[in-house]
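As structure tokens, the structure follows; a few thoughts come after it.
The values are calculated or read from the model by the stated rules, or taken from the named source; none is laboratory data. Quick caveat: nothing in here was measured; it's all calculated off a predicted structure. Virtual Cβ from ideal backbone geometry, glycine too; neighbours counted across all protein chains shown.
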Protein chains: 2
Amino acid sequence: MSKDKKPQQNTILDIADALKLSPATISRALNNHPHVKEKTKNDVLKMAAQLGYRRNQMASGLRSNKTHTVGLIVPRISMFFHAEVLTTIQNELHKYGYNLIICQSNDVLSMEEELADILYASRVDALIVACTLQTTDFSHFDKLLNTGIPVIFYDRVPLNSYPATYIKGDDFRGGYLATTHLIETGSQRIAHISGKLSSNLYQDRTAGFRKAMEQYQLPVKAEWVFHQELTHENAKEAMAELFSETVQPDALFAANDVTAIAALEYAKENGIQVPQDLKIIGYSNDPRTSIITPALSTIEQYPTKVGQKIVSVLIEQLKNRMQEVGLEQKPYVIPVDLIRRMSS
Amino acid sequence: MSKDKKPQQNTILDIADALKLSPATISRALNNHPHVKEKTKNDVLKMAAQLGYRRNQMASGLRSNKTHTVGLIVPRISMFFHAEVLTTIQNELHKYGYNLIICQSNDVLSMEEELADILYASRVDALIVACTLQTTDFSHFDKLLNTGIPVIFYDRVPLNSYPATYIKGDDFRGGYLATTHLIETGSQRIAHISGKLSSNLYQDRTAGFRKAMEQYQLPVKAEWVFHQELTHENAKEAMAELFSETVQPDALFAANDVTAIAALEYAKENGIQVPQDLKIIGYSNDPRTSIITPALSTIEQYPTKVGQKIVSVLIEQLKNRMQEVGLEQKPYVIPVDLIRRMSS
DNA sequence: GTAAATTATGAAAACGTTTTCATAATTATG
DNA sequence: CATAATTATGAAAACGTTTTCATAATTTAC
């Protein structure tokens, strides 16, 4: 069969030989360098197609110090928000001729550190990161930045003044919108299940919550504000705690949709009418929230817009980098919106 | 600031200079080649850490003809089944030191062809593909296979005898299980909304449906079997058609969950009781099916198992390739299971 | 028609590894 | 202790491009 047929890759030299030209000219023709004759260019392109030539990215990258590859570190690919964002990023980057290496930290800090190292070794042209919820020190990205590789954070971003670009949803406003919505639809005793405050996400969402409560002069009961890992089980436990007391909340702002779904489940199981006895609002507009009965109110984060912004900023930085222009490192904030549904 | 500090990458030569050794020895030490003294190895590792050295993958790959990178072409990252599969693939490959370049065809054939070219140019060590629903010719993968690069298809796989490995769910059995379940719970007039027959997925699911109907000697009405793009809108239209007649179905086997969800929505909007008037079963066990009311019966495809199988087969092939052993190209079929819920 | 400017090409070095081949250092064998 | 076998290291080539510098070919200017 194809046992004896040596698997050969055609190189630039094969084209050069076939056309009696130098490899330099072939390279220039393929990269359509201005100083190459139109006819030569056509000849080369034709011969390249004929030989089934494809540029060897490793050789090209080694010499030119560009990989045309962007790295992405994300907690989990299958989380709805991140899946949407990275779908957009991949499609957008493709338009500019960039590949995307996608890695998952599984929300584990040591994995994130390892991946930063690996992607550095792979000499990605840029790196996009949504941190783990525990990342508070960002020095594992230093070597990238020091080498002039743009690093862009999104969603879960550095809290301190780490000198990188970041793009995030308006979590403060999201928290504020959710809470004022609950208040304006008549709630007075509002509970809040949020994540650990090590992440900017929950700091901001909770701050928005507090701001709204304060503005409407409603008390925030300490026992009604939870900061925990936002899993289904934890949410159920928090609900059990909330509803074991005689004074019970009449609304819940859940800092993610999984928690909101679990809360609704708890309510159904325990004869708590939603929204009559308890209003619920979640965060992220996961597709499940629109399909559950009653449909859950939530906050839309526009993952597609986030993805597009990331890529446009990234392309800009890559262009500037070539011109050795100093990078502006301001944060970009993507607006959020309230989605009203039956649960509130 | 760091304006004047030249962004330097340390190379193997810097380590060699620092230790008065040759680059060859450094390379061997870093790849822990057997013929290098324990002490030297330690010295090198220590110095490498001290200098913050990281192997340049492009140089390494160019010379050794290995990229330690696997390419993946998938219709859309955000489809639940694929998101789960590729989450698993990425996590598994990471254990073996492989990176993953993920690309989306957006279910467009020309894009798939382009991506095959790009990933070939990137000299990926292997390629994993879930084809578009229209792919019936697979010659754009020839150049990969001819160069000895393993290509593994999953889920949407070649129908003809294309000489590659493939891994798929047992779609025939899935269709059969779904249909017999509907029959055994008392349905007689069963409709079936399926996808275009250009894809193995729907050929097999529909074949399973027909087999079950035949076995129970139930008639298959031609007007009750749809082959169309499985979108929400198309599903609603098909439902409208089905329920515009005087004789109406008492059960529906939808070949994906989006269609099942849309059908349930239609039923709710039109006062059709599920499961009393109409039983519904979907396909894939999308998270939404368990959360909707009534919860939808469906077929579990075990995406995690699919992902694990892909990687284990892949690693095996990469190992064999080094030993120049001929690749066995049998198909692997992952079992499916029926998930019974309230809709049937 | 010659000089100057422009355009097109080639030779060779460079990118940072890995690997082959040769050789030096060490250990085992008798 | 000499020789053989083994182990550790180095020199140099190689991987396939891109790019610098030089030079050849062509066009423009006068």
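Taking the residues in segment A:52-70 that are surrounded by 20 or more Cβ atoms within 10 Å (Cβ to Cβ) and more than 9 Å from every other protein chain (Cβ to nearest Cβ) as candidates, determine which candidate is nearest to DNA strand C (Cβ to nearest atom).
For segment A:52-70, the residue satisfying everything is A:Y53.
Only one of these conditions is not met by B:G97: (1) crowded, with 17+ Cβ neighbours inside 10 Å; (2) away from DNA strand D (no atom under 13 Å from the Cβ); (3) over 14 Å from the mean Cα position of the chain (by Cα); (4) under 30 Å from B:G148 (Cβ atoms). Which number is it?
Status for B:G97: all satisfied but (1).
Take segment A:34-50 and flag every residue that is over 25 Å from B:A59 (Cα atoms) and either near DNA strand C (Cβ under 8 Å from one of its atoms) or hydrophobic (A, V, I, L, M, F, W, C) (or both).
A:P34, A:H35, A:V36, A:K37, A:E38, A:K39, A:T40, A:K41, A:V44, A:L45, A:M47, A:A49
When B:A262 is evaluated against the numbered criteria (1) closer than 23 Å to B:K196 by Cα; (2) of a type in the set (G, A, S); (3) surrounded by fewer than 22 Cβ atoms within 10 Å (Cβ to Cβ), which criterion, by number, is the only one it fails?
(3)
If A:L133 satisfies every condition in (1) surrounded by 16 or more Cβ atoms within 10 Å (Cβ to Cβ); (2) outside any loop (DSSP other than H, G, I, E, B) but one, which is the exception?
Checking A:L133 against (1) surrounded by 16 or more Cβ atoms within 10 Å (Cβ to Cβ); (2) outside any loop (DSSP other than H, G, I, E, B), the one that fails is (2).
Could you go through segment B:168-180 and let me know if any residue there is assigned to a helix (DSSP H, G or I), among the hydroxyl-bearing types (S, T, Y) and in contact with a Ser or Thr (Cβ under 6 Å, 6 or more places away or on another chain).
no
Can you find even one residue in segment B:52-73 that is farther than 28 Å from A:Y96 by Cβ, among the aliphatic types (A, V, I, L, M) and within 16 Å of DNA strand D (Cβ to nearest atom)?
Checked segment B:52-73: no residue is farther than 28 Å from A:Y96 by Cβ, among the aliphatic types (A, V, I, L, M) and within 16 Å of DNA strand D (Cβ to nearest atom).
Can you name the number of the only condition in (1) hydrophobic (A, V, I, L, M, F, W, C); (2) surrounded by 19 or more Cβ atoms within 10 Å (Cβ to Cβ); (3) modelled with pLDDT under 95 that B:A121 fails?
(2)
Going through segment B:90-123 one residue at a time, which ones are within 10 Å of chain A (Cβ to nearest Cβ) and farther than 24 Å from B:K305 by Cβ?
Result: B:N106, B:M111, B:E114, B:L115, B:D117, B:I118, B:L119, B:Y120, B:A121, B:S122, B:R123.
When only residues in segment B:198-255 that are of a type in the set (V, I, T) and not in a loop (DSSP other than H, G, I, E, B) count, which is nearest to B:Q276 (Cα to Cα)?
Looking at residues that are of a type in the set (V, I, T) and not in a loop (DSSP other than H, G, I, E, B), I get B:V225.
Please go through segment B:265-302 and give me each residue that is touching a His at 6+ places or on another chain (Cβ under 9 Å) and buried (at least 24 other Cβ atoms within 10 Å of the Cβ), ordered by number.
Listed by number, the residues that qualify are B:I281, B:S297.
Exactly one of (1) away from every other protein chain (no Cβ under 14 Å); (2) within 16 Å of A:P287 (Cα to Cα); (3) among the aliphatic types (A, V, I, L, M) is unmet by B:L278. Its number?
(2)
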